[in-house]
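Worksheet: the structure to be examined is printed underneath.
Quick note: the coordinates plus some simple rules give every number you see, no bench work behind them. These numbers were taken from a predicted model, which means no experiment stands behind them. Heads up, the Cβs are rebuilt from the backbone with ideal geometry, glycines too, and the neighbour counts pull from every protein chain shown.
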């Protein structure tokens, strides 16, 4: 079986889970572990700072080819949905720190928050053995779904639409 077929099956399971969970009771979702990290401007940011928004939390690294390939889609999703209450938040897991991340973010013209991760955050999120890893959080900071592979722009948009629609239904 090809990696592409396996990846598609995994994605469809995740989308099915997302739809099932989004229809379930939101208060049964696990809370996303909070953290405080520096952003590219040196400002301390907490995940809880984004409470009230649907959050697409993306763990990545500059050396990760699939991570790099999904950045243009993340930028477009950020641009198209931020006014509706979606926040794309990325956590760079590079061992070389800002020395690797800053020129990369500048070169790719990333316009959503980029935070520098560390071992403690990796442990909070299960070790992050696979990158990219993307978690989808509801407006209360609870985990709706997660995916351990790059996502297409089509899938990112479907998930964003689903969670933003859920948010409107509960307001």
Roughly how many nanometres apart are two label points built 7 Å out from the Cα toward the Cβ at residue 154 and residue 80?
1.2
Shape call for the stretch 124-165, from the Cα gyration tensor axes a ≥ b ≥ c (a/c under 1.5 means rounded, otherwise prolate when a/b beats b/c, else oblate), comes out oblate
